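Have a look at the structure below, then the notes.
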């Protein structure tokens, strides 16, 4: 039986052990529903708690700025693995694991992670506070299971990685709509999705077998 959202919620809740923070990764191709699932999990896990028990930290916060992509000549491939600071992302995940509020040496305050502003299409430094109360960090992104270059440092920092799958036609439809929402014409959106995005999607799909759990679209809350 494929997992339900309630199954995923219970599994996520069980990840922190012995009082220490756990890190859950949610991977999948562009448009597969990673951010939606991560956000719904975090909201459900926190409920009405006074202090956050779970926090969502996006991989997209480690996009290189457009000015740097221009300097490197990679702006036309924005979203490809080498347009991120993968080493910086892995370092943040390690810090989140080490500074979890349980450290007797005086470490363990709030850790600030970068966010990503979709309207600007730019990362935002210090946008996501991860307080000592957070026992679970849910991080989502395309390349969590990539095992080449600095991306290979990411998977060892994560307790589990789940992989979202979605019907390919629906995934493409959602991506086109997203690009249109943030300013591209329909023709520009289709060209980007079937070009740059599709190359990235093919690369991500090849990492699926490394995931701990496959999450079908039916497990997302909107399908209930």
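Every read-out reported here was derived from the displayed coordinates using simple, explicitly stated rules and does not represent laboratory data. Here the structure is a predicted model, which means the values were calculated and not measured. FYI the Cβ positions are ideal-geometry reconstructions off the backbone, even for glycines, and counts take in every protein chain you see.
Worth a mention:
- All of 24, 41, 37 fail the test of being part of a strand (DSSP E or B) and surrounded by 22 or more Cβ atoms within 10 Å (Cβ to Cβ), apart from 24.
- Any hit, the stretch 95-107, residues being crowded, with 19+ Cβ neighbours inside 10 Å and on the phi > 0 side of the Ramachandran plot: no
- Flag for residue 128 being farther than 24 Å from residue 209 by Cα, touching a residue at least 24 places away in the same chain (Cβ under 8 Å) and within 15 Å of the chain's Cα centre (by Cα): yes
- Screening residue 18 against (1) in contact with a strand residue (DSSP E or B) (Cβ under 7 Å, 6 or more places away or on another chain); (2) outside any helix (DSSP H, G or I); (3) farther than 25 Å from residue 175 by Cα leaves a single unmet condition, (1).
- The set of residues in the stretch 62-89 being in contact with a strand residue (DSSP E or B) (Cβ under 6 Å, 6 or more places away or on another chain) and assigned to a helix (DSSP H, G or I) consists of 62 alone.
- Counting only residues that are touching a residue at least 40 places away in the same chain (Cβ under 8 Å), touching a strand residue (DSSP E or B) at 6+ places or on another chain (Cβ under 8 Å) and within 24 Å of residue 166 (Cβ to Cβ), the stretch 30-61 holds 16 of them.
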